[in-house]
1. Can you tell me which residue within segment 125-139, out of those that are open to solvent by 90 Å² or more (accessible area, probe 1.4 Å) and either of a type in the set (Asp, Glu) or touching a Leu at 6+ places or on another chain (Cβ under 6 Å) (or both), is farthest from GLY2 (Cα to Cα)?
2. Please verify whether segment 30-40 includes one or more residues that are modelled with pLDDT under 90, open to solvent by less than 20 Å² (accessible area, probe 1.4 Å) and among the small types (Gly, Ala, Ser).
3. Which one is nearest to GLY107 (Cα to Cα), of the residues in segment 74-92 that are touching a Gly at 6+ places or on another chain (Cβ under 7 Å) and not in a helix (DSSP H, G or I)?
4. Residues in segment 72-106 that are closer than 19 Å to SER11 by Cβ and of a type in the set (A, V, I, L, M): how many?
5. Out of ALA122, ALA116, ALA106, ALA73, I need the residue that is surrounded by 10 or more Cβ atoms within 10 Å (Cβ to Cβ), of a type in the set (Gly, Ala, Ser), under 16 Å from the mean Cα position of the chain (by Cα) and within 20 Å of MET4 (Cα to Cα). Which one?
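The values are calculated or read from the model by the stated rules, or taken from the named source; none is laboratory data. Model, not experiment: these values are computed from the prediction. FYI the Cβ positions are ideal-geometry reconstructions off the backbone, even for glycines, and counts take in every protein chain you see. Note: accessible area is taken over every heavy atom of the protein model, side chains too, but ligands, DNA and RNA are not part of it. Shrake-Rupley method; radii C 1.70, N 1.55, O 1.52, S 1.80 Å.
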Amino acid sequence: MGEMIGYARVSSRGQSLTVQEGALKAAGVTPEHLYSEKISGRRREGRAALEDMLSRGIRKGDTVVCTRLDRLARSTRDLLQIAETLENKGVNLRVLEQPIDTSNAAGKLFFTILGAFGEFEATIRAERQREGIDAALAKGEASPFKGRPASIDAVKVV
């Protein structure tokens, strides 16, 4: 059996991590396995505690514990990337305030359903993008696949 690895995050410096950290400790996370940060979850960049946990803080058989999914990830894409990282490393995910525990069949099912909705959302977005491109081409507009403008003069390269 692996370790319980906790992750807590609040969005602003004025908010307190105390409630989340208390819940994680009550769930069996020890202080040396607790990753906490005060940073917006909108983007993955800059979330040093999360990156440290995912790259060096987890090993096969461990369980990452958080209070809610929105503390771990703020977008479906980010959540699916994190889930893929955990799965590839053989690490389970347990969410205290939601019925998610990927170490059991029901938790895996719930998480897979969430993932399916995420994939559906991405597919719908791609279809809309394709429709927009096709509509532009049908109007006789120039191809939307132009790339960026040249940054050097081809004649001067010779």
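1. Here the residue is GLU131.
2. no
3. GLY90
4. Step one: list which residues in segment 72-106 are closer than 19 Å to SER11 by Cβ, which gives 72-79, 82, 95-98.
Next, from what is left, pick out any that are of a type in the set (A, V, I, L, M): 72-73, 79, 82, 95-96.
Going through segment 72-106 one residue at a time, the tally reaches 6.
5. Numbers: ALA122 fails: within 20 Å of MET4 (Cα to Cα); ALA116 fails: within 20 Å of MET4 (Cα to Cα); ALA106 fails: under 16 Å from the mean Cα position of the chain (by Cα).
Every option except ALA73 fails the conditions.
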